[in-house]
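The values are calculated or read from the model by the stated rules, or taken from the named source; none is laboratory data. What you see is a predicted model, and the numbers here were worked out from it, not measured in a lab. Backbone-built Cβ (ideal geometry, glycine too); neighbour counts: all protein chains shown. Please note that ligands, DNA and RNA were not included when accessible areas were found on the heavy atoms of the full protein model with its side chains. Shrake-Rupley method; radii C 1.70, N 1.55, O 1.52, S 1.80 Å.
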Amino acid sequence: MEPRRRVLSGMQPTGELHVGNWLGALRNMAALSVDPAFEALFCVVDAHAITVDYDPKELPNRVVDTVAIYVAGGIDPAHSTLFLQSDVPEHMELTWYLICVTPMGDLNRMTQFKDKSEQHKNNVNAGLFAYPVLMTADILLYRAEVVPVGDDQVQHLELAREICRRFNARFGPIFPEPKPRLSRTPRILGLDGKAKMSKSLGNTIGMLDPAPVVEKKLKGAFTDPAKLRKGDPGRPEICNIFTMHQALSPPDRVAAVDRDCRSGALGCGDCKKALADVMNAELDPIRAKAAELRSDKKRVLEILRDGGSRARSIATATMKDVRSAMGLTTAGR
Ligand code: ADP
Ligand code: TRP
């Protein structure tokens, strides 16, 4: 039997994931978690979360909330390894080793660093700069080959591949090269249509927003600015509502939306209402399951404990190979 290829992805414990996280990454992660061809590991990246200002008292609650949404969103903890990054200290150790083969110039080109240092002007710390190396360590530590993410992470993945090649060229073939796995809709725009949907931009639909809030937010969302009223022809290719239909509506419905938007027969109000209906139908069971898990903290901690011990055993084995390849070994270990 072919060995199963490893999948790894991570999300920050922001507490409440949004529709961009869901349609860009989480749904792919959930599908891979039950695919027998893959062994999936999913990490809540709390060590990434501390690169910006945060509340240490609140962070553990945000972790629990994030695990609840992971599982409610379809990641099956019985078939995958769901763990907390800081429970596996080897992430931090490997990060340091990888930093030492990463040129400053490569990190300087990262657009997320530029954006985040603009947003957090009074706290541009070295961790924020090294953030993509920690992400690389998350992946390489498990020798993962497939990384489900949204398209804003593709630049980080390119850097991860470059670091991987440099490390292997210098110390021997320790790591396979990871590749991003994008969903059909890898970039969901925010409600204002100006930038990607992002927690830090306040332009999101939360996965746990109640159904009427989802409907209301969609009602006010950006569409093709040239389509002012029903009857005007629209351009689905520039419309975020159409992108979300592509992610959520059945193919015949998507084809009908495309045709009727272009002809003008379908107005934006009806199109948004139809989207709200399919979105809420999918989110209803997710919201219910997330609420159940959020109130069962013991269960969530059990999932993380199990996942942490599986993740640590893989990490321990990888780090033995890494230290030995790098000459960081003594007879005593
Ligand atoms: P945020 O930008 O809201 O802080 P994260 O950076 O924590 O979100 O993203 C977690 C995952 O969700 C990553 O794989 C990222 O690529 C994906 N993702 C985030 N926002 C979007 C979006 N608007 N469209 C598609 N995927 C997204
Ligand atoms: N950097 C990712 C983000 O901002 C989160 C992340 C951390 C990640 N480690 C990862 C994603 C490993 C994929 C694989 O969204």
Inset, instruction - Quickly run through region 56-91 and pick out the residues that are among the charged types (D, E, K, R) and farther than 25 Å from VAL19 by Cβ. - result: LYS57, ASP87, GLU90
Legend entry - Filtered residues of region 67-77 (kept if within 16 Å of ligand 2 (Cβ to nearest atom) and surrounded by fewer than 23 Cβ atoms within 10 Å (Cβ to Cβ)): GLY73
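The rows are residues; the columns are (1) closer than 13 Å to SER9 by Cβ; (2) away from ligand 2 (no atom under 11 Å from the Cβ); (3) in a strand (DSSP E or B).
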position	(1), (2), (3)
ALA144	yes, no, no
LEU157	yes, no, no
ARG161	no, yes, no
ARG165	no, yes, no
ALA169	no, yes, no
PHE175	no, yes, no
PRO180	yes, no, yes
GLY193	no, yes, no
Legend entry - Only listed residue being in contact with a strand residue (DSSP E or B) (Cβ under 8 Å, 6 or more places away or on another chain) and open to solvent by 60 Å² or more (accessible area, probe 1.4 Å), chosen from LYS196, LYS230: LYS196
Inset, instruction - State the number of residues belonging to region 116-139 that are within 11 Å of ligand 2 (Cβ to nearest atom) and either open to solvent by 50 Å² or more (accessible area, probe 1.4 Å) or farther than 17 Å from THR95 by Cα (or both). - result: 1
Inset, instruction - Tally the residues that are out of contact with any Asp or Glu (no Cβ under 7 Å at 6 or more places or on another chain), within 20 Å of PHE113 (Cβ to Cβ) and open to solvent by 10 Å² or more (accessible area, probe 1.4 Å), restricting the search to region 151-181. - result: 8
Legend entry - Which numbered condition ALA37 fails, given (1) within 15 Å of ligand 2 (Cβ to nearest atom); (2) within 24 Å of PHE175 (Cβ to Cβ); (3) in contact with an Asp or Glu (Cβ under 9 Å, 6 or more places away or on another chain): (1)
Inset, instruction - Kindly indicate whether ILE188 is touching a residue at least 40 places away in the same chain (Cβ under 8 Å) and within 16 Å of ligand 2 (Cβ to nearest atom). - result: yes
Legend entry - Unique match (being in contact (Cβ under 8 Å) with a residue 40 or more places away in the chain and over 30 Å from GLU302 (Cβ atoms)) among VAL124, VAL71, VAL101, VAL45: VAL101
Legend entry - For ALA226: the one exception among (1) closer than 30 Å to GLU118 by Cα; (2) assigned to a loop (DSSP other than H, G, I, E, B); (3) among the aliphatic types (A, V, I, L, M): (1)
Legend entry - Number of the exception - ARG235 against (1) over 20 Å from GLY73 (Cα atoms); (2) under 23 Å from the mean Cα position of the chain (by Cα): (2)
Inset, instruction - Can you tell me which residue within region 1-26, out of those that are closer than 19 Å to ALA78 by Cβ and at pLDDT 95 or above, is farthest from ligand 1 (Cβ to nearest atom)? - result: ARG6
Inset, instruction - Specify the residue that is nearest to ligand 2 (Cβ to nearest atom); the eligible residues are those in region 199-223 that are open to solvent by 40 Å² or more (accessible area, probe 1.4 Å) and in a loop (DSSP other than H, G, I, E, B). - result: GLY202
Inset, instruction - Could you identify the single residue in PRO3, PRO60, PRO89, PRO56 that is surrounded by fewer than 18 Cβ atoms within 10 Å (Cβ to Cβ) and under 21 Å from MET207 (Cβ atoms)? - result: PRO60
